[in-house]
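Participant: Below: one structure in structure tokens.
The values are calculated or read from the model by the stated rules, or taken from the named source; none is laboratory data. Everything numeric in this text was worked out from a predicted model, so none of it was measured. Methodologically, a virtual Cβ is constructed for each residue, glycine included, from the backbone with ideal geometry; neighbour enumeration extends over all protein chains shown. Heads up: the accessible areas ignore ligands, DNA and RNA and are worked out on the full protein's heavy atoms, side chains in. Shrake-Rupley method; radii C 1.70, N 1.55, O 1.52, S 1.80 Å.
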Amino acid sequence: MNYLSVENIAKAYGERVLFEDVSFGINKDQKIAFVAKNGSGKTSILNIITGKDSPDKGQVITRKDIKVAFLSQEPDLQSELTIEESIFASDNETLKVIERYEKALENPEDEEAYQKAFEQMELLNAWDFETQYKQILFKLKLEDLKLKVKNLSGGQKKRLALAIILINRPDLLILDEPTNHLDLEMIEWLENYFAKENITLFMVTHDRYFLERVCNEIVELDNGKIYQYKGNYSYYLNKKEERLAAEQASVDKAKNLYVKELDWMRRQPKARTTKSKSRQDDFYVIKEKAHQRRHEHQVELEINMERMGSKIVELHNLHKTFQDKVILKGFNYNFNKGERIGIIGKNGTGKSTFLNIITQTIQPDSGKVVVGETIKIGYYTQSGINPKPNQKVIDIIKEFGEYIPLSKGRLLSAGQLLERFLFDRKKQHDYVEKLSGGELKRLYLCTVLIQNPNFLILDEPTNDLDIVTLNVLENFLLDYPGCLLVVSHDRYFMDKIVDHLFVFRGEGEVEDFPGNYSDFRIYEDSIEPVKDDAPKEKNSWKEKTVKAGLTFNEQKEFSKLEREIKDFEEKKAKIEQQFSDGLVADKDIESKSIELQKIIEGLESKEERWFELSAKMEE
């Protein structure tokens, strides 16, 4: 079943043509990744598909009876709403029922409202839906539902927008960089969620492990043309290599023919017959094909950076605390020449703070950082650059350096470095305000690299970079001879360029792990028991929530029992409090006592059944 069709769309900004005659479709249950270089029109196509923009020509046809949701990089949320209110602010009937039930729980004295809400939950079978949406919030670390949107960080807003979309379960989900602002644990959970759910996806992402494990089709926009590959990322890489090889063979053949035809053209007399005119026309077709150029650059540099002395960077007994949150607790480390260290850990454990301490932007509470006299630090931060109005790309980079010295007395100029990072000569003279978000990140990387540091620190360098640029950056870093310290949530990137890890566990604990990210995951899985994914309740009767060993109906019964036990406990506590406070009239003592006894018997019965199912889970 076709959900959406893109038919012969085109888009240009002035004389700059992004794409022409682009066509493709999205069908039910497809999980499509959309791949293209930064600045080639990815965002424009997403905006056209979602109705935020219109094409210069062509059309997008969406099936009328489907729900489409779009996760943009800048979520559109109402600042005065809380997290909970933002979730319930939708047309989803099941969510409305859950909202009424949650409110009824907050006002237990209104038994009529509670009973009505309970019956609606039963009628729509909303219990499982409630469990699922609470698990989504738990996994995305959105547990304080009373927080207002205006008080959330950029990452929290992105996670809230993602949670709202996942909870509402649209027919077609369009995502723009869904893994940005997620820590590694969240990314792996989302990866598993999308891989197992019957959901139709169309996404832009640079996370290549995500592409590999989730997507079953790749749509690539390359030099204004669409290429489709029915497989995952590995399949795409193989088939693209075959396509490029075939294109290159065709170009080489055309070049040989072009040389012969050029010689013929030079020897032709001015008067030409109809036959020679036809051959002339063919010549120009061949010439155009022979002069095709692929703007993909492989970085193969021998950088002649400043000599590093015996002392690199030494960290002595570092302690740091922010508002009762312990970041570092007696951390010691001496960097050696050529080390390549990756930093991983959950959001909020202090990874960026650690980098700022090393660069002495932030001072530790105690301990000291000693930087060797020969060390020149290059620091790529998440904040990016702030260009002046009317600055050109080439002017920005020349503010930081004119060239990088290479071996044998050669130089890599600022313009040549920009070319290697996919800014052609024409693009170098564009105004910076015309650049896309990804292109700005790429330019910022160049401003750091042109300074020729021998100790390079990168804080989330892969965010907003396309796959082509990531390959260029990885090749550059593989050739880079200095020390490298990287914070990144890109597992593929980390596996490719780092030798060992600093693992930020939280509460000031930092573990030095000898291996890359995949080595670390294998190690963690081998020593850790299966973790419970659901949020824990304080009630002693529900310490276990893993439902392994239960049938589907028993799992439903188990979830329902948890809610019923909670309701019984609340009712029991309410009546006992009334007796304790002397609020029960003499004439009502007998009836209230009978009611309390029935509640206690019901509670004991439900708890007994809960323990039976709990025991079965352990078998």
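Participant: So who's got an amide H within less than 5 Å of the one on GLY345, skipping anything under 5 residues away but keeping other chains? H placed 1.01 Å off N, in plane.
Facilitator: For GLY345, the qualifying residues are LEU184, PHE504.
Participant: OK, next. Need one value: the accessible area of THR374 in square angstrom, 1.4 angstrom probe, rounded to the nearest 10.
Facilitator: Rounded to the nearest 10, the figure is 40 Å².
Participant: Cut-off 14 Å, label point 7 angstrom out along Cα-to-Cβ of LYS148: give me the residues of region 77-109 whose amide nitrogen falls inside.
Facilitator: Within reach of a label on LYS148: 78-86.
Participant: What FRET efficiency, computed as 1/(1 + (r/R0)^6) with R0 = 22 Å and r the Cβ-Cβ distance, is obtained for SER54 and ARG16, rounded to the nearest 0.05?
Facilitator: Values: r = 17 Å, r/R0 = 0.79.
The formula returns an efficiency of 0.80 here.
Participant: Once amide H atoms are placed 1.01 Å from N in the peptide plane, what residues at a sequence separation of 5 or more from VAL313, or on another chain, have their amide H within under 5 Å of its amide H?
Facilitator: Amide H neighbours of VAL313, under 5 Å, 5+ apart: PHE335, GLY372.
Participant: Still on this model: Excluding GLU399 itself, calculate the net charge of residues whose Cβ lies under 13 Å from the Cβ of GLU399, where each Lys or Arg counts +1 and each Asp or Glu counts -1.
Facilitator: Working: positive: LYS388, LYS392, LYS398; negative: ASP395, GLU402.
Net charge around GLU399: +1.
Participant: Here is a follow-up. In nm², what is the average projected area of the convex hull enclosing the Cα atoms of region 1-134?
Facilitator: Working: hull surface 46.2 nm².
Hull-based average projected area comes out at 11.5 nm².
Participant: Here's a follow-up. So how much slack lies between LYS64 and ASN125, counting 0.36 nm per residue of separation and subtracting their Cα-Cα distance, in nm?
Facilitator: Numbers: separation 61, 0.36 × 61 = 21.96 nm, distance 2.71 nm.
Taking LYS64 through ASN125 to full extension adds about 19.3 nm, to one decimal.
Participant: Along the principal axes of its C-alpha atoms, what lengths does region 77-138 span, in descending order and rounded to whole Å?
Facilitator: 34, 23, 22
Participant: Classify region 558-619: rounded, prolate or oblate, from the alpha-carbon gyration tensor (a ≥ b ≥ c, eigenvalue square roots; a/c under 1.5 rounded; otherwise prolate if a/b is larger than b/c)?
Facilitator: On the way: a/c = 4.16, a/b = 2.99, b/c = 1.39.
Cα axes put region 558-619 in the prolate bin.
Participant: Divide by every residue of the chain the summed helix terms, -39500 (n - 2.57) for each DSSP H run of at least 4, and state the resulting mean residue ellipticity at 222 nm, rounded to the nearest 500 deg cm²/dmol. Each step should come with its number before you reach the end.
Facilitator: Working: 20 runs with 269 residues, N = 619.
Theoretical 222 nm ellipticity from helices: -14000 deg cm²/dmol.
Participant: With a 1.4 Å probe and all protein chains kept in place, how do LYS616, LYS134 rank by accessible area, largest first? The partial results should precede the final answer.
Facilitator: Numbers: LYS616 65, LYS134 85 Å².
These residues rank, largest area first, as LYS134, LYS616.
Participant: Something else: Quick one: net charge around LEU182, please, counting Lys, Arg +1 and Asp, Glu -1 for every other residue with C-beta under 9 Å from its C-beta.
Facilitator: Working: positive: LYS158, ARG159; negative: ASP183, GLU185.
Here the count lands on 0.
Participant: A further question follows. Taking amide H positions as placed 1.01 Å from N in the peptide plane, with prolines and chain starts having none, which residues 5 or more places from VAL35, or on another chain, fall under 5 Å of its amide H?
Facilitator: The answer is VAL219, GLU220, LEU221.
Participant: Please report, in whole Å³, the volume per residue of the convex hull around the C-alpha atoms of region 340-399. Mind showing how you got there, number by number?
Facilitator: Numbers: hull volume 9.9 nm³, N = 60.
Per residue, the Cα convex hull of region 340-399 comes to 165 Å³.
Participant: Past 21 Å, Cα to Cα, is the threshold; run LYS392/LYS426; LYS11/LYS52; LYS196/LYS346 against it and keep the listed order. Walk me through the numbers before you get to the answer.
Facilitator: Working: LYS392/LYS426 11 Å; LYS11/LYS52 14 Å; LYS196/LYS346 24 Å.
Check vs 21 Å cut-off fails for LYS196/LYS346.
Participant: Among the listed pairs LYS31/LYS606; LYS592/LYS616; LYS96/LYS587; LYS67/LYS230; LYS337/LYS408, which have their C-alpha atoms separated by more than 32 angstrom in this model?
Facilitator: LYS31/LYS606; LYS592/LYS616; LYS96/LYS587
Participant: Continuing with this model, one more query. Please report, as a whole percent, how much of the solvent-accessible surface of region 157-246 comes from carbon and sulfur atoms (probe radius 1.4 Å). All intermediate terms of the calculation are to be shown ahead of the outcome.
Facilitator: Numbers: 1350 of 3050 Å².
Looking at region 157-246 in its full context, I get 44 percent from C and S.
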